[in-house]
Ligand SMILES: Cc1cc2nc3c(=O)[nH]c(=O)nc-3n(C[C@H](O)[C@H](O)[C@H](O)COP(=O)(O)OP(=O)(O)OC[C@H]3O[C@@H](n4cnc5c(N)ncnc54)[C@H](O)[C@@H]3O)c2cc1C
């Protein structure tokens, strides 16, 4: 099946990957390293998606992610290190001694130190009556992590692999099966009763899962709450965008191909099977397997006809909804804005009731504290963002839109003055992004950060793996198991490439 007129069909790829986000690139590099002929099609100008970057007036800003897990040196959960290594690449990283400095209601100030004991001591000093509960909860997170970190993380859809890991690590596997249907909030409530400490655990989850603990799968919580003290948080020198750049370099060394400004408009079907893709310019490419790194909503509503959505996807859409997008400020600031000893990552919230609200919780990253080369001399970057829904930004004239953006940016900066006094006067550069910006530049439906449970679900059980009901079509990235975050989508890339490699007999 070819398009009309301009189409040029090529049938010689093993795998085509739609999108060069971290999920897509890990899939591509893993498959290329195994000898597959791989083509990545990216609609934007550079790779990385939400882990990309942009440059303005001497600043190199991360578009999204900048608290990076997965660069540890030991165990099996250091998936970014492993993904680069598979294509003979590596990156210099800068360890961050503190994951997050929390500035929470009722003057609850806390730092999550890389040193686990230091963090637990600081938390128990704030909640001495909950010392036992705190230990029990975080110890249980370690149990999850130790199970994950004992085994090679590949496709849970591959029975021979499952048998192999079960025989190699029976207790770890049984541990994971136990935690798979559980949520962090239920486990926290088993041990902890102080309402404020439970709110803190909610925030510990919300700041990466964008849902409170009762909806956050325990597998993800165990991973995040332990790996930050094990592999740690490590910032890639040169900015987060270098991870994608290095993966592309590795991909090309292994004869993989990537095209930019290549927007896929359709997944081509033949006899009920995905066989290729069509680009916006009419070109068509065919391959034995097609992988979509676009969100599930984009894949099944735009790249495939919405009115033919498989029942399984309809059910998934009932269980999961789109998380909010973000209002983002990329600021260049003078150094005097940052008090001595400022940490790289901050979370700010004034009232617990507003944690999940539109523009409630504020996230802050200052990557130049770890890598000063990202800003002009004597300047810093502050990237701050707060959840915001697309509906807030639609139906506005361009004048109204610009006015609303400016007002929202000013309000956010005013709130940040609490931790950075003098921020307004110290501004050197400002760029504001809204959910519309995230949709436009990251190609994400309504600019969403990713899927979140629409009601309380049994842990991660409902999150789909990489195969879809459409033969030949796979999904990878944050709409697949185990969800959002660079290390998580790297996991999904390892799993997806593993399943495809087995299917192709590589
Ligand atoms: C503001 C923000 C802050 C974040 N902070 C962190 C953090 O600190 N730590 C962390 O680990 N994670 C963080 N995340 C989450 C993390 O960045 C994402 O979960 C992850 O990068 C998603 O990767 P992905 O591969 O699923 O998809 P994406 O990054 O969305 O990549 C998908 C790619 O596919 C392309 N594409 C889509 N449709 C098409 C098409 N039709 N044709 C061709 N190409 C297409 C897109 O252009 C994009 O490049 C943050 C995200 C945001 C938005």
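Tabulated values for the structure
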item	result
Single condition residue 391 does not satisfy, out of (1) under 27 Å from residue 337 (Cα atoms); (2) in a helix (DSSP H, G or I); (3) touching a helix residue (DSSP H, G or I) at 6+ places or on another chain (Cβ under 9 Å)	(1)
The range 416-432: number of residues that are surrounded by 17 or more Cβ atoms within 10 Å (Cβ to Cβ), closer than 13 Å to residue 342 by Cβ and out of contact with any helix residue (DSSP H, G or I) (no Cβ under 6 Å at 6 or more places or on another chain)	2
Test: residue in the range 53-60 that is within 15 Å of the ligand (Cβ to nearest atom) and either free of Cβ contacts under 8 Å to residues at least 24 places away in the same chain or outside any helix (DSSP H, G or I) (or both)	yes
Candidates 20, 66, filtered to the one that is under 30 Å from residue 197 (Cβ atoms), in contact with a strand residue (DSSP E or B) (Cβ under 7 Å, 6 or more places away or on another chain) and within 13 Å of the ligand (Cβ to nearest atom)	66
Residues located in the range 17-36, provided they are part of a strand (DSSP E or B) and closer than 15 Å to residue 52 by Cβ	21
Options 278, 263, 273; residue that is more than 16 Å from the ligand (Cβ to nearest atom), over 30 Å from residue 372 (Cα atoms), assigned by TED's automatic domain parsing to the domain that holds residue 473 and in contact (Cβ under 8 Å) with a residue 24 or more places away in the chain	273
Selection count, the range 207-219, where residues are surrounded by fewer than 24 Cβ atoms within 10 Å (Cβ to Cβ) and touching a helix residue (DSSP H, G or I) at 6+ places or on another chain (Cβ under 8 Å)	5
Failed criterion for residue 503 (all others in (1) away from the ligand (no atom under 14 Å from the Cβ); (2) touching a helix residue (DSSP H, G or I) at 6+ places or on another chain (Cβ under 7 Å); (3) part of a helix (DSSP H, G or I) hold)	(2)
Which listed residue is at positive phi and not in a strand (DSSP E or B), from 222, 239	239
Unique match (being surrounded by fewer than 20 Cβ atoms within 10 Å (Cβ to Cβ), free of Cβ contacts under 8 Å to residues at least 12 places away in the same chain and more than 15 Å from the chain's Cα centre (by Cα)) among 178, 237	178
Subset of the range 37-50 (residues that are part of a strand (DSSP E or B) and either more than 12 Å from the ligand (Cβ to nearest atom) or at pLDDT below 95 (or both))	38
Lone unmet requirement of (1) touching a helix residue (DSSP H, G or I) at 6+ places or on another chain (Cβ under 6 Å); (2) within 16 Å of the ligand (Cβ to nearest atom); (3) part of a strand (DSSP E or B) for residue 289	(2)
Qualifying residue in the range 258-270 (condition: surrounded by fewer than 17 Cβ atoms within 10 Å (Cβ to Cβ), over 30 Å from residue 80 (Cα atoms) and out of contact with any helix residue (DSSP H, G or I) (no Cβ under 7 Å at 6 or more places or on another chain))	yes
Filter result for the condition that a residue is farther than 11 Å from residue 235 by Cα and within 14 Å of the ligand (Cβ to nearest atom), over 77, 93	77
Identity of the residue in the range 441-479, near the ligand (Cβ under 8 Å from one of its atoms) and in a loop (DSSP other than H, G, I, E, B), that ends up surrounded by the fewest Cβ atoms within 10 Å (Cβ to Cβ)	450
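The rows are residues; the columns are (1) at pLDDT 95 or above; (2) surrounded by 17 or more Cβ atoms within 10 Å (Cβ to Cβ); (3) under 19 Å from the mean Cα position of the chain (by Cα).
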{"residue": "1", "(1), (2), (3)": "no, no, no"}
{"residue": "11", "(1), (2), (3)": "no, no, no"}
{"residue": "16", "(1), (2), (3)": "yes, yes, no"}
{"residue": "28", "(1), (2), (3)": "yes, yes, yes"}
{"residue": "35", "(1), (2), (3)": "yes, no, no"}
{"residue": "52", "(1), (2), (3)": "yes, yes, yes"}
{"residue": "57", "(1), (2), (3)": "yes, no, no"}
{"residue": "83", "(1), (2), (3)": "yes, yes, yes"}
{"residue": "89", "(1), (2), (3)": "yes, yes, no"}
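Matching residues to (1) closer than 14 Å to residue 63 by Cα; (2) surrounded by 14 or more Cβ atoms within 10 Å (Cβ to Cβ):
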| residue | (1), (2) |
| --- | --- |
| 370 | no, yes |
| 374 | yes, yes |
| 386 | yes, yes |
| 400 | no, no |
| 409 | no, yes |
| 414 | no, no |
| 434 | yes, yes |
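The values are calculated or read from the model by the stated rules, or taken from the named source; none is laboratory data. Not measured: the values here are computed from a predicted model. Backbone-built Cβ (ideal geometry, glycine too); neighbour counts: all protein chains shown.
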